[in-house]
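The values are calculated or read from the model by the stated rules, or taken from the named source; none is laboratory data. This is a predicted model, so every value here is computed, not measured. Cβ atoms come from the backbone with ideal geometry, glycine included; neighbour counts cover every protein chain shown.
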Amino acid sequence: MRSVTQIVRTAAGHRVMGLYASPRDPNWAELMEAFDNLMEWLFRCLKLPPGLLDHRRGRYATIGVGYGFGGGRRRPGSYVNSAHNARLLQQALGSPVIHRIARYVDQGLLALFPALHSLCTNLDRSVVDVDNPEIQRSFQNCCYPACHFNLHSSSTAYHSDYWNYIGGMCAIVSGGKFDCKRSAHFIAWSLGLAFEFPPGTAIFVPSAAVPHSNTPLAKHERRHSLAFFLPAGLVRWYHNGFRSDKEFRDLAAPSELQAWLDYRKNLGEVALDLLQDTSTGS
Ligand SMILES: [Fe+2]
């Protein structure tokens, strides 16, 4: 099936969503077959606690990789998984399949949302290379710091990803064996939009700002997704000059603190600036 690349714009000229077609790569179908096998292998072999099988985003197996900041951490660091699961995830992350998909997502963000790609790339280089060189990136040639692996029956319930950066675009790559004409459509509720979401394609969505879900899968179908994201805590750490909000407030001079508070009041405007359409292309 031929997939399309399409940008959703508001009347005010903001790019608020993107559909990203499969690359023109003769090996892409074969690669997605390998992706399905790899995700099924992970699904069978991971040992997940109940909270990662039935959660607020739906009833399917999910596990995170990458790095973030928040949840009691004192500084950015890698997400922690059990030794058993970490070994399996490391094996999956080392596969050429995941390398290729991560590169595809990076290219998609660059093509559709170049300002966000710059933000992600600069943040990743600064937070890891300058500030936390002990962090092992999960992906090479991809600016996203983190990703959820959603396995086997990945069809989400209505939710927003409120821990992601409000102005960021989550990149979701779909795979598996299902009929995309009838199952797993992507619904962006506050935009009033629904899309078919074929395996081997990606959707970019501001997942913190726009509630979203999928239509259900049939019993015999299976679907996996990789959801790449930019944690909001990392953006705060980066903008604070490698400090938490509390450390920033404690150390800032009065004028610096006032400028910081004013900036935070206008975060919605900052986010919209990143989505402003400056091109004439589609
Ligand atoms: Fe989500």
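Quick grid of which residues meet (1) in a helix (DSSP H, G or I); (2) more than 17 Å from the chain's Cα centre (by Cα); (3) closer than 30 Å to Val130 by Cα:
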| residue | (1), (2), (3) |
| --- | --- |
| Gly18 | no, no, no |
| Ser22 | no, yes, no |
| Asp36 | yes, yes, no |
| Arg44 | yes, yes, no |
| Lys47 | no, yes, no |
| Arg103 | yes, no, yes |
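For the stretch 178-205: of the residues being within 16 Å of the ligand (Cβ to nearest atom) and in contact with a helix residue (DSSP H, G or I) (Cβ under 8 Å, 6 or more places away or on another chain), which is nearest to Val235 (Cα to Cα)?
Phe204
Name the one entry in Glu247, Glu221, Glu256 that is touching a Ser or Thr at 6+ places or on another chain (Cβ under 8 Å) and away from the ligand (no atom under 16 Å from the Cβ).
Result of the check over Glu247, Glu221, Glu256: Glu221.
Given (1) under 27 Å from Arg44 (Cβ atoms); (2) modelled with pLDDT of 95 or more, where does Val128 come up short, assuming only one miss?
Only one criterion is unmet by Val128, namely (1).
Can you find a residue that is buried (at least 23 other Cβ atoms within 10 Å of the Cβ) and either basic (Lys, Arg) or under 12 Å from the mean Cα position of the chain (by Cα) (or both) anywhere in the stretch 180-202?
Yes, that holds for at least one residue.
In the stretch 149-177, what count of residues is obtained for those that are surrounded by fewer than 22 Cβ atoms within 10 Å (Cβ to Cβ), near the ligand (Cβ under 10 Å from one of its atoms) and not in a loop (DSSP other than H, G, I, E, B)?
Within the stretch 149-177, residues that are surrounded by fewer than 22 Cβ atoms within 10 Å (Cβ to Cβ), near the ligand (Cβ under 10 Å from one of its atoms) and not in a loop (DSSP other than H, G, I, E, B) number 1.
In the stretch 228-272, what residues are touching a residue at least 40 places away in the same chain (Cβ under 8 Å), surrounded by 12 or more Cβ atoms within 10 Å (Cβ to Cβ) and part of a helix (DSSP H, G or I)?
Ala232, Gly233, Leu234, Val235, Arg236, Trp237, Tyr238, Leu267, Val270, Ala271, Leu272
If the Cβ limit is 9 Å and pairs must be 6+ apart or interchain, which residue in the stretch 40-67 that is free of Cβ contacts under 8 Å to residues at least 12 places away in the same chain pairs with which residue that is in a loop (DSSP other than H, G, I, E, B) and within 16 Å of the ligand (Cβ to nearest atom)?
As it stands, the answer is Leu53/Arg59; Leu53/Tyr60; Asp54/Tyr60, since those pairs meet every condition given.
Would you mind telling me which numbered condition in (1) within 16 Å of the ligand (Cβ to nearest atom); (2) assigned to a loop (DSSP other than H, G, I, E, B); (3) within 24 Å of His152 (Cα to Cα) Val210 fails?
Result: Val210 fails condition (3) only.
When the stretch 209-228 is examined, which residues are found to be more than 19 Å from Ala21 (Cα to Cα) and at pLDDT 95 or above?
Val210, Pro211, His212, Ser213, Thr215, Pro216, Leu217, Ala218, Lys219, His220, Glu221, Arg222
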